Number of protein chains: 6
Amino acid sequence: MITRIDGRSPSQMRPIRIIPNFVKYSTGNVLIEYGETKVLCCVTVEDVIPPFLKGSSPAQGWLTAEYSMLPASSDKRIRRERNNVSGRTQEIQRLIGRALRGVVDLRLCPEITFMIDCDVIQADGGTRTAAITGAYIALKMAVDRLLRHGRLKKNPIKDGVAAVSVGMIDGSLLVDLNYHEDSRADLDMNVILTQSGQILEIQGTGEKASFAKDDVMNIMAAAESALKPVFELQLAALEGQIVEG
Amino acid sequence: MITRIDGRSPSQMRPIRIIPNFVKYSTGNVLIEYGETKVLCCVTVEDVIPPFLKGSSPAQGWLTAEYSMLPASSDKRIRRERNNVSGRTQEIQRLIGRALRGVVDLRLCPEITFMIDCDVIQADGGTRTAAITGAYIALKMAVDRLLRHGRLKKNPIKDGVAAVSVGMIDGSLLVDLNYHEDSRADLDMNVILTQSGQILEIQGTGEKASFAKDDVMNIMAAAESALKPVFELQLAALEGQIVEG
Amino acid sequence: MITRIDGRSPSQMRPIRIIPNFVKYSTGNVLIEYGETKVLCCVTVEDVIPPFLKGSSPAQGWLTAEYSMLPASSDKRIRRERNNVSGRTQEIQRLIGRALRGVVDLRLCPEITFMIDCDVIQADGGTRTAAITGAYIALKMAVDRLLRHGRLKKNPIKDGVAAVSVGMIDGSLLVDLNYHEDSRADLDMNVILTQSGQILEIQGTGEKASFAKDDVMNIMAAAESALKPVFELQLAALEGQIVEG
Amino acid sequence: MITRIDGRSPSQMRPIRIIPNFVKYSTGNVLIEYGETKVLCCVTVEDVIPPFLKGSSPAQGWLTAEYSMLPASSDKRIRRERNNVSGRTQEIQRLIGRALRGVVDLRLCPEITFMIDCDVIQADGGTRTAAITGAYIALKMAVDRLLRHGRLKKNPIKDGVAAVSVGMIDGSLLVDLNYHEDSRADLDMNVILTQSGQILEIQGTGEKASFAKDDVMNIMAAAESALKPVFELQLAALEGQIVEG
Amino acid sequence: MITRIDGRSPSQMRPIRIIPNFVKYSTGNVLIEYGETKVLCCVTVEDVIPPFLKGSSPAQGWLTAEYSMLPASSDKRIRRERNNVSGRTQEIQRLIGRALRGVVDLRLCPEITFMIDCDVIQADGGTRTAAITGAYIALKMAVDRLLRHGRLKKNPIKDGVAAVSVGMIDGSLLVDLNYHEDSRADLDMNVILTQSGQILEIQGTGEKASFAKDDVMNIMAAAESALKPVFELQLAALEGQIVEG
Amino acid sequence: MITRIDGRSPSQMRPIRIIPNFVKYSTGNVLIEYGETKVLCCVTVEDVIPPFLKGSSPAQGWLTAEYSMLPASSDKRIRRERNNVSGRTQEIQRLIGRALRGVVDLRLCPEITFMIDCDVIQADGGTRTAAITGAYIALKMAVDRLLRHGRLKKNPIKDGVAAVSVGMIDGSLLVDLNYHEDSRADLDMNVILTQSGQILEIQGTGEKASFAKDDVMNIMAAAESALKPVFELQLAALEGQIVEG
């Protein structure tokens, strides 16, 4: 069995910390940490919907996401994307938006856009999975506030969402890869699950080698088992206190 | 069992047509058709490598892809991406590049960049999977030519590549969705396989509903079975004649 | 007398082929070939007019064109114009739009924009003249369809349009230059005529030497004579079948 | 015969004024006026050549032009082209560069780029023709200075250059159209001639109606006759004093 | 005491020349010269206000400025800002706009935007201060015209505006630095005053050394004294004739 | 005397908190808080210098800054500057860079660029002054590390730097305005001082009213007195622990 540099077992997540209300303005927000990876997830509620939804019947709202890395979040400085947005950034922010739209009934949110901003403060692998797990909490906080204020009549959120990466190094499955592991992995799969155990999205690439059907099954099982305590932490964080696990 | 508008069985690909050497200049190229979807795949060989590979040891070449839709390729005119490239386009072209790099040993191609252009002439669903299947043939044609001319010493291609989409509509699995089916699907997965039966990439999204682990297994099996004849057609097209199947 | 590499006489066009309805979606479209030069010309009809025409009296429609070369259309790969559009591209697409507006009574097309897309599949000299000749056919096909559906009340097209380049090499006039001839020409003139024999636009540059008034007269005569059969082919293509000549 | 609002005969240029050395820094520059149209033409000499000329054999220099209108140069404020350059601007600056390259032997100017800036201070029709006439003088001034300083060994300028527009309104030919005339013209042709009477470029568009071969001949004759005194003024301005005519 | 290369005393402005109505179209305009620095300042009046003011109560107009240097205005050619606007340009045009808004009661100008264009024809230091001094005159000319035509009911201008730079070289204060002095200065401060002696903006940077509170006082006094005759010249220029001083 | 909403006296700073090493990668970094305003200041050291410094004699390094606000840092969501950078952002980041270059001897840092990133996590007025105060600490931390590792031979930092805003509301001077105060201020001045009491930059605008020379003196005195304890906190933070004051 492979030994991980930080002493984790292959199926073990890094320590998770969730700080709700890290900033004071956005309707719902958390700072989430997967080990040394730290992502600020903020949900702003806007009273407009994009042009392509205007006049749609039945009326519906929208949810979209943006993702960015702070310049000093990484070992090598990341240039600000001031002229064009890289393919990687686009891919990740589309993934975050799609995942959360998967559990929201947008017909219950007419004339509302949920704008989700995921800004990476520090990056050590798994920024997109941490972002999705954190964005769900921020979204739930925002929705709860809108329900309290009567801006929403009915809870549009159908299920919880969390995500984890699973990789294979030298034939061993490892969950929640850090940067060092990620750069050595032969196979890297991101798995996004609902709290009820369904799959929202899987995305797997054989970075250095192709893989087999059985690998897929094992990865799915590993992800499901790793995300169980994460769903618990999300619920605890929604109580409003800092949680760690 | 669901009835498909074009009379296909759920596990049946659309008619495929491959026209090698559709244009005269690029080193390898085909026009590939998955039913009414038509994609021109061209490989240009360039004698430069990107800056991030300069001085790498061992020396290696590069392979990258660009994807675009002609304005009149779709029912509704597609605006040219002259100011910024959409997230969808970036996602697709990154996927194509990743898939083909997965079967090429770039250390056997020093100082060479394979530039793959996939231009959609007509779109009816599955443009990215048709593009990958066609791009593999174009790449193989280009590599064969470089081998003949001594520009490459050894064949860097380790395996064949083909791709297909699999969707779920009202609980039924369907392979190779056309546009009409695609827009109704609850789940849409793109599967990229090697000729030897390994997985290069899977990407599945529950567009309208989440899905279960068993669905993933069934999808993988359907894809594998659907792509068998496609690999045959690729080999036939490499003989240089138009093939249909 | 100069001998042309492809055996043509100086006043002879390259073989022309016109494939109507090359793609299935646009309202009118053809693939046109001037020898090895192949351009896909598609007309999309849009129910909006540009801001500067809003509220004009009398009401009028608009017609505009875009031109692009596929990356693999040329000997040396053409970079996609994703950040800025080159001066050459702008010049050509403005020329195409101007030429066709010259024969259309836009007051008969209120609230309609004809969007003409000319995409070069393969380039061997004369792409702009082939594009104009093909665009006219596509436009006529679109207009005929709008008339049949009652979207237009009256035919707004006043005359036919076709175009040809005429060059001078070592003192000899040659019509319809291919790429090889074009790069050697001392003088290059593009002539756009109406079917009734009038001039819509002439544009001539002494690439390597200046020229005289008499040259202009000879060029006009050569163009007029060369385009006669082209107008015939256009009419034949409008019958809906592939034509060659 | 048509009566012109400013009392000119159809074949008469507007009053021309040329102010050499209008600014103090550029190597050669003039402010040129065609009536109320005023263009500042400046030539900067740079010790670099564009990448595509590096290593060319024989070595050669380059000449290129940029054109712009000041925001307040026109009746309606012109937006600055800070995000993208319009097709019209590109067309004009390419025309200016082409015209002047037509009389310069760039092989006599190795490692030199002549950068020509034409900035319209006030626009009343004919800015591109005034720009070309002025740019020639500025270029000659710059070349003379380089010859005096030994930076050029031999005069690379082979001929003089001047330009004029000719239009047709209600069947009458008019030279050097002002803005009011230009917007009414059925046909608008720009003619660029060398001092020795050769044609460098003609560009004619039937804005509102097509035209005939005979029109072209008459236009050429009118341009030739109108530009005779302009060539005289250019020579006089090269003496360094303000000239009017 | 420091000796200035052009013979001025430390507290002496360069010769100023103001040419009203340098161009014919804009509502108010001047060419202003501070020695060899020449800036064309034009005010265009537009019947629109920016989106952020729409529906503001009480209704108000807007005033904004753009600044640019002609390519040949400087010793070394200035690249046109066609892709992005430099920080320096943004800083200067924001300064000009802020200064003039400081003396205009925009509530007296409902539905009006004053667009101020400052284009540097020739640069020899102090382009931003010359621009502000000139822009005030152009603005006053435009306002006077609007008052005459009844487009404004009441004069919205509350005070006059002029600006000057003050620098310190080797411990000596110098007003109105030219380029040569500017590049040697240890401290450079731009002072914008109203005619009534109040401060609109000060902006001072220790380019090569920090400075003391007493320096600030001396600079303010020097600016106040230097601008006295400038306010006189502005008034004279408003009579419509060229003034020098 | 004016009463401040948060109970401060007019001359009192908001509570300041400085968290050194907030992120783990950059060479020097702090999170600095001026009340509810929170800015992350990170210094990355790069082994390249900008082109305009290459070959300068004596050799010298460079220091530059970038500033950005996170989307959720403000009451109203801030759009990411992905297409163009606003004038405000440019103005602020140029100010930060200038201020710190004012105390660094760049000739002691050959072949080094200090890249300073100031990212606003939460904004409540005074982000630019907090950024400068924080950036100085981060820079000193980075320099100390380079000295320890021998990458720098001699300390290039000549003095400490801190900044504060001073405003005037209804005739009263207030230091360190929060957002609410800032939007009501008649006059807003940013003062950047060195620890030794010299001025690096002052920048003052009469937002709603002009001001007098005496105001400037009072502002300078208020700034000097307010920044005294700030310089103490900077020194304490350099010991590596979180400090508050």
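Using 1/(1 + (r/R0)^6) with R0 = 60 angstrom and r between the beta carbons of D:ASP6 and A:ASP214, what's the FRET efficiency to the nearest 0.05?
Efficiency at R0 = 60 Å is approximately 0.10.
Which FRET efficiency value, to the nearest 0.05, is calculated for C:ASP144 and C:LYS228 with the Förster distance at 22 angstrom and r the Cβ-Cβ distance? Each step should come with its number before you reach the end.
On the way: r = 23 Å, r/R0 = 1.05.
Efficiency, rounded to the nearest 0.05: 0.40.
With respect to the symmetry axis carrying chain B onto chain E, which residue of chain B exhibits the smallest Cβ distance to that axis, and what is the value in whole Å?
Minimum Cβ distance to the axis, with residue: B:ASN83, 6.
Measure nothing but the geometry: give the 0 to 90° angle between the long axis through the Cα atoms of C:213-237 and the longest principal axis through the Cα atoms of chain C, rounded to 10°.
The answer is roughly 50 degrees.
Work out the charge dipole of chain D with +1 on the Cβ of Lys and Arg and -1 on the Cβ of Asp and Glu about the Cα centre, then indicate which of D:GLY102, D:GLY35, D:SER225 is farthest towards its positive end.
Highest projection toward the positive end goes to D:GLY102.
Using alpha carbons only, how many degrees (0 to 90, rounded to 10) separate the axis of helix E:87-101 from the longest principal axis of chain E?
60
Taking a point 7 Å out from Cα toward Cβ as the label site, list the nm distances between B:ARG79 and the same residue in every other copy, smallest first.
In nanometres, ordered from closest: 1.3, 1.4, 2.3, 2.5, 2.7.
Counting only C-alpha contacts under 8 Å and six or more residues apart, can you give the relative contact order of chain E as a whole percent? It would help to have the intermediate numbers written out before the result.
Values: 526 pairs, mean separation 55.9, N = 245.
Dividing the mean separation by the residue count of chain E yields 23 percent.
Restrict the search to segment E:90-150; then list the trypsin sites (Lys or Arg not before Pro) that DSSP places in a loop and that have at most 13 other Cβ atoms within 10 Å of their Cβ. Walk me through the intermediate numbers first.
Details: sites: E:ARG94, E:ARG98, E:ARG101, E:ARG107, E:ARG128, E:LYS140, E:ARG145, E:ARG148; in loops: none.
Answer in residue order: no site qualifies.
Just how large is the dipole of segment A:16-244 about the Cα centre, in debye to the nearest 20, putting +1 at every Lys and Arg Cβ and -1 at every Asp and Glu Cβ?
980
Segment B:62-128 to segment C:12-68: how many Å between their Cα centroids?
25
With each pseudo-label sitting 7 Å past Cα toward Cβ, what's the E:GLU239-D:LYS54 distance in nm, one decimal?
Going by the 7 Å Cα→Cβ label model, 6.0 nm.
How crowded by other chains is F:184-190, given as the mean number of beta carbons from other chains within 10 Å of each beta carbon?
Across F:184-190, the average partner-chain Cβ count within 10 Å equals 1.
Can you compute the modelled spin-label distance between D:ALA221 and F:ASP105, with each label point 7 Å from Cα toward Cβ, in nm?
Modelled inter-label distance: 8.2 nm.
Would you mind computing the Rg to Rh ratio of chain E from its alpha-carbon coordinates, Kirkwood style for Rh?
The Rg/Rh ratio comes out at 0.97.
Please compute, for peptide C:210-223, the average count of beta-carbon atoms on other protein chains lying within 10 Å of each residue's beta-carbon.
4
Between A:GLU111 and the same site in the other copies, what are the distances in nm, shortest first, taking label points 7 Å from Cα along the C-beta direction?
Copy-to-copy label distances for A:GLU111: 2.9, 2.9, 6.4, 6.7, 7.1 nm.
Among A:CYS118, A:CYS109, A:CYS42, determine the one that fluctuates most according to a GNM of chain A built with springs between C-alpha atoms less than 10 Å apart.
Highest fluctuation among the options: A:CYS109.
First measure r as the distance between the Cβ atoms of D:ASN21 and C:ASP170, then evaluate 1/(1 + (r/R0)^6) with R0 = 51 Å and state the FRET efficiency to the nearest 0.05.
0.75
Considering the dipole of segment E:182-245 built from charges on the beta carbon (Lys and Arg +1, Asp and Glu -1) around the Cα centre, which of E:VAL216, E:GLY245, E:SER196 is farthest to its positive end?
Of E:VAL216, E:GLY245, E:SER196, it is E:VAL216.
Between copies, how close do the E:GLY240 label points come, placed 7 Å along Cα→Cβ, listed in nm from shortest?
3.8, 7.3, 7.3, 7.8, 8.6
Measuring from label point to label point, each 7 Å out along Cα→Cβ, what is the E:ARG184 to A:ASN84 span in nm?
Simple spin-label model gives 4.7 nm for this pair.
As an exercise, find the ratio Rg/Rh for the protein assembly as shown from alpha-carbon atoms, using the Kirkwood inverse-distance average for Rh.
With Rg and the Kirkwood Rh in hand, the quotient comes to 0.97.
May I ask for the net charge around E:THR89, where only other residues with Cβ less than 9 Å from the Cβ of E:THR89 are counted and Lys, Arg are +1 while Asp, Glu are -1? Intermediate values should be presented prior to the final figure.
Working: positive: E:ARG88; negative: E:GLU66, E:GLU81, E:GLU91.
That sum, taken over residues with Cβ under 9 Å, equals -2.
Is there a quick way to get the dipole size of segment D:2-127? I mean about its Cα centre, with the Cβ of Lys and Arg at +1 and of Asp and Glu at -1; what is the value in debye to the nearest 20?
Roughly 320 debye for segment D:2-127.
For chain E, set up a GNM with springs between Cα atoms under 10 Å and report which of E:GLY125, E:GLY197, E:GLY160 has the largest fluctuation.
Comparing E:GLY125, E:GLY197, E:GLY160 in a Gaussian network model of chain E, the most mobile one is E:GLY197.
How far, in degrees from 0 to 90, does helix D:127-148 lean away from the longest principal axis of the Cα atoms of chain D, to the nearest 10?
Computed tilt is about 20 degrees.
Just A:GLN93, A:GLN195, A:GLN203 to compare: in a GNM of chain A, with alpha carbon springs under 10 Å, which one fluctuates most?
Result for chain A, Cα springs under 10 Å: A:GLN203 fluctuates most.
Among residues other than A:LYS153 whose Cβ falls under 15 Å from its Cβ, what is the net charge (Lys/Arg +1, Asp/Glu -1)?
Neighbour charge sum, excluding A:LYS153 itself: +2.
Please state the charge dipole magnitude for the protein assembly as shown, taken about the Cα centre, from unit charges on C-beta atoms (+1 on K and R, -1 on D and E), reported in debye and rounded to the nearest 20.
0
Rule-based calculations on the coordinates, nothing more; no lab input. As the structure is a prediction and not an experimental result, all values here were calculated from the model. All Cβ positions, glycine included, derive from the backbone under ideal geometry; neighbour counts span all protein chains shown.
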